[in-house]
Structure formats: C-alpha cells, structure tokens
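To keep things clear, I will list the structure first and then write my remarks on it.
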Amino acid sequence: MRRASVLSGVAFRTALLFMLVFAVVLGITGYAILRSTQGLLEAQIRASITEDVELMRDANIAGGQRELLHFIRDTLATRADREFAFALYTTEGRPIAGNIVGGPHFRGWGHVQIAQSPGQHFTAYAAELEDSVVVVGRSRDFVHSISSAIVNVLIVAGLVIGVSALAIGYALSHRVSAKLAVIDRTLEEVSRGNSEIRLPVGRSNDQIDHVSGQINAHLDRLSEFMASMRNTIVAIAHDLKSPLNRVNILLQDAASERDPQKGMERLEQAQQEMDTLRGVLDTVLRISRIETSDDSSGFAPFSPLELVRDLAQTFEPVLEAEGQTLRWDDLPETAPAIFGDRKMLQQALVNLIENASRYAGANTAIELTVGERNGGATIAIADNGPGIPAERREEVFQPFTRLDAERSRPGAGLGLALVKAVIVRHHAQVELGDNQPGLRVVLSFPAPPTRPPKPPYADV
C-alpha cells in the first residue's frame, strides 16, 4: 500500500486539521491561562508587600527610625536575602539600612534591585513615614518560574496530543485505505468476469463495512442478472434453433418444388415462421427496455377498477366462445389508485388472462378481483384449472421457461417474463398461489405517492 494514499486519506487529513485547530485553541487558551496566573501571582506579591509596609508603619509608630532599623535587620536575617528587598532612607535619600542598591526615585509602586542579585528586578513599594522612607520589595522569580512551567506543560501537552492525533489518524487512514484496496481488487476481479467474489464485511460495522455490504448486495443482483442473461441467451438460441431450421427446410423445399402452388405454400409457411420469430424478438427487446428503463415521465395515477372493467368487457365474449366463464361482478366500489403506465399494466393483465384461458382448459372459470393491501391496490387473476406446482412458480417468470406439459402448445414462454418485468418496473410484487384448485396470481402495488415525482430533466 502506498504511503501517499494513507497520508491523503480522510482520517489522516481530519487528524491533521484537528491538530492545527487544537494548536490554535491551545495557544489562545494557554495564553489566557498564563496571563491569568501571572495576574494572580502579581496580586499575591503586592498583597504581601502591603502587609510588610503596614508592619513597618506600626514599627515607626512604636519606636521611630530605631524600631524601623531593628525591623529591617531582623527581617533580612530571618528571610531569604535573594527573595526579599528592604531598605530605610532619610527623606533626603541617604541610605540607613537594607539590601537595595541605589535610592528610591519613586513613591508608591515601582521596581528595585538588590546587591545579591544584580540585574534582577523586584516589585517594590516606597512609602514616607514621618522623617524616613521605607522600601519593601519581593522577587518576581516565582512568577517567571510558574510562567515557564505553564508554557512547558502546554508545549508538552500540545506535542503529545498532536502526535497522538496524527498517529491515530494515520492508523485509521491506513485501515480505511486497506479496506478500499480490498474493494478495488474485488471490483477489478468482477470486471474480469469473476461474478462469485464478494467483499469481506468486518464486525466493526463501520461505514466501509456498510458500503461493502451494499456492494455485495449489488454484486448478488449483478450475478443473478448475469446468470439470467446467460440462461436467456441459451434459451433464445435453443428456442430459435427449431424455427430457423424449419424456415431453412421450407425455403429449401420451396426452391426445389416444381409445382408453383406448393412452392408458394412453402414460402407462406416460412413467412409465418419468420413472423413468429420477429414477434419473439420484439417481445425480448420490449422486456429488456422495460427492465433497463428508469423513466417514469409517463406514469400517472389511474383507477384499477376502470382498467379491470375494460378488460373484463373485452375478454368476456372471447372466453365464452372458448367455453369458459369470466367472473368480475364482485368488484368493490372504490380502490386505491395505481401510479404507473396504464398501457404497460394493461398488457401485463392481458398476458395473465390469456395464460389463464390457454392453460386452465374448457369449462373453467376465470375471476378478476380488485382489493387493497398496505394502502395500495391489488389485482388478482384466478382460475380453477390445473395450476402450477409450488416448486416451479418462481421458475416460470424466467424468459423462455415453459412447463413440460406446455411444450406441445404454441408460444415462446415470454408472457410471464413480460409480466414480471412490468411489475418490477412499477415497484410492485407478483405472487403465484394455490386457488384450490387452480392458480391465483396477485399483483400488489405500492400506495400512490402524495405528490408524483418530476419527470427527468424537468428543471433543465
């Protein structure tokens, strides 16, 4: 696996973006924390200095310069000489005691230096006490130490979190890239004709696993389609071989026939066979167009009751002539509308009625009913003929599939295949059931949309 593909992965780039955003947030937050901490420490230093100034005021009240002198000497002797600054001056600026370098050139808050730490600034307060000036200071090393510690902690935390984020992002990106590589290899195998290969689906059930599951479902349908296509091609070749042979024989007979009348009869028979072949190929092409089209611009809501009534009035005399009965009087007064192509569904129902009439036999009854299921309409065509065995009901929807008992009858075995294509095109379902006796075909349609979808490119 190329490292570039891992570094360009979404997970790694997300981790990198997180690290950059985190660095900015950490810098802003850290600066705010640092300034707040420094302010608190400065406030503590000034509070401590103020307390010592008040103590020196009390000492001055108690004993004047002498008491101040003792207070400064005792304090310097008991406290760290590099952390505290004390000094006593006359009002003219002459030093009397203390460790501060130079005289105070300010009153109130300022900065001073001590002899033990030249170059180091102390926060200090200078106050006049009668005929004396006292200066009290504190070292700012503690503030600098705490500030440095905070900065170091923020830097280390930023580096640890940033490196960890990049490592996690790299690991996740590597994992995703590995799965995508498997998908790429699998699809390449599929493109080479291996329709049996499938993607592994992990237990983590992440987005890649979800996509892999969807791809496997598509591959299953593709495999079924390819198998169906192969079977269809084989069936077409098998079913067209005999008519073509008959046409060939008839043409040869017509060419060798000396009697012009008989020769014309042979040619007419060959023409009939060719018309049958053309009809079969037209039906195959129509099924293919229905299965591959997704154009619903011709779809519109219509009443299944009107469709069934029209078909019943058309077929009733035809079936009576065949010695059969058509029942359709038990239709409800209302039924949900069907959203679809009326002519296409009419052709599907014609195929089902003709199949029922052809295979149910004489003195049988065919019944048309309309109902409702899950908010959508249902149309049922039932007969009391021999029916279809349960184990072969799905098989009859395959193109050129005919039951053994039907081989002697005319037909190419495309009627139910066309019905299946039309029903799937309308996102509906077709079920074959036992009518006890006979076959019952139920077409179940989804509830019509509250707002019909726009036709393709309607807004262009």
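Listed here are the residues, each with its yes/no results for (1) on the phi < 0 side of the Ramachandran plot; (2) surrounded by 17 or more Cβ atoms within 10 Å (Cβ to Cβ); (3) outside the structural domain of LEU69 (by TED's automatic domain parsing); (4) out of contact with any strand residue (DSSP E or B) (no Cβ under 7 Å at 6 or more places or on another chain).
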residue	(1), (2), (3), (4)
ALA115	yes, no, no, yes
HIS121	yes, no, no, no
VAL136	yes, yes, no, no
HIS144	yes, no, no, yes
SER147	yes, no, no, yes
VAL151	yes, no, no, yes
LEU154	yes, yes, no, yes
ALA165	yes, yes, yes, yes
ALA171	yes, no, yes, yes
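Do we have any residue at all in the range 74-86 that's farther than 13 Å from ARG140 by Cβ and in a strand (DSSP E or B)? Walk me through how you get there before you give the answer.
Filtering the range 74-86 down to residues farther than 13 Å from ARG140 by Cβ leaves 74-81, 86.
So of that shortlist, the ones also in a strand (DSSP E or B) come out as 86.
Checked the range 74-86: at least one residue is farther than 13 Å from ARG140 by Cβ and in a strand (DSSP E or B).
Go through (1) modelled with pLDDT under 85; (2) buried (at least 16 other Cβ atoms within 10 Å of the Cβ); (3) among the charged types (D, E, K, R) and name the single condition ARG407 misses.
Single failed check for ARG407: (2).
Among the candidates GLY371, GLY385, which residue alone is modelled with pLDDT of 75 or more and either hydrophobic (A, V, I, L, M, F, W, C) or in a strand (DSSP E or B) (or both)? Show your work before the answer.
Details: GLY385 fails: either hydrophobic (A, V, I, L, M, F, W, C) or in a strand (DSSP E or B) (or both).
Residue meeting the stated conditions: GLY371.
Kindly evaluate SER132 against the criterion of being of a type in the set (Ser, Thr, Tyr), on the phi < 0 side of the Ramachandran plot and assigned by TED's automatic domain parsing to the domain that holds LEU40.
Values: of a type in the set (Ser, Thr, Tyr): yes; on the phi < 0 side of the Ramachandran plot: yes; assigned by TED's automatic domain parsing to the domain that holds LEU40: yes.
For SER132, the condition - of a type in the set (Ser, Thr, Tyr), on the phi < 0 side of the Ramachandran plot and assigned by TED's automatic domain parsing to the domain that holds LEU40 - is met.
Under 6 Å between Cβ atoms, which residue pairs at least 6 apart in sequence (or on different chains) link something in the range 251-268 that is modelled with pLDDT of 80 or more and assigned to a helix (DSSP H, G or I) with a partner that is of a type outside the set (D, E, K, R) and surrounded by 12 or more Cβ atoms within 10 Å (Cβ to Cβ)?
LEU251/ALA270; LEU267/ALA254
List every residue pair whose Cβ atoms sit under 6 Å apart, with the two residues 6 or more apart in sequence or on different chains, where the first one lies in the range 206-222 and is within 13 Å of LEU187 (Cα to Cα) and the second, anywhere, is surrounded by 13 or more Cβ atoms within 10 Å (Cβ to Cβ) and not hydrophobic (A, V, I, L, M, F, W, C).
Here the result reads ASN216/ARG198, each pair linking the range 206-222 to a residue that is surrounded by 13 or more Cβ atoms within 10 Å (Cβ to Cβ) and not hydrophobic (A, V, I, L, M, F, W, C).
Of all residues in the range 52-87, which are surrounded by 19 or more Cβ atoms within 10 Å (Cβ to Cβ), of a type in the set (Gly, Ala, Ser) and in contact with a Ser or Thr (Cβ under 9 Å, 6 or more places away or on another chain)?
ALA85
How many residues, within the range 101-113, are surrounded by 16 or more Cβ atoms within 10 Å (Cβ to Cβ), at pLDDT 85 or above and either farther than 19 Å from GLU51 by Cβ or small (Gly, Ala, Ser) (or both)?
We begin by selecting, within the range 101-113, every residue surrounded by 16 or more Cβ atoms within 10 Å (Cβ to Cβ); these are 103-104, 110, 112-113.
Checking the rest, the ones that are also at pLDDT 85 or above come to 110, 112.
Of the ones still in play, those that are also either farther than 19 Å from GLU51 by Cβ or small (Gly, Ala, Ser) (or both) are 110.
Summing the residues that are surrounded by 16 or more Cβ atoms within 10 Å (Cβ to Cβ), at pLDDT 85 or above and either farther than 19 Å from GLU51 by Cβ or small (Gly, Ala, Ser) (or both) in the range 101-113 gives 1.
Residues to consider are SER242, SER228, SER288, SER297; find the one that is part of a loop (DSSP other than H, G, I, E, B), at pLDDT below 80 and of a type in the set (Gly, Ala, Ser). Spell out the reasoning first.
Working: SER242 fails: part of a loop (DSSP other than H, G, I, E, B); SER228 fails: part of a loop (DSSP other than H, G, I, E, B); SER288 fails: part of a loop (DSSP other than H, G, I, E, B).
Every option except SER297 fails the conditions.
The values are calculated or read from the model by the stated rules, or taken from the named source; none is laboratory data. What you are looking at is a predicted structure, and each value in this text was computed from that prediction instead of being measured. With ideal geometry, Cβ positions are generated from the backbone for all residues, glycine too; neighbour counts draw on all protein chains shown.
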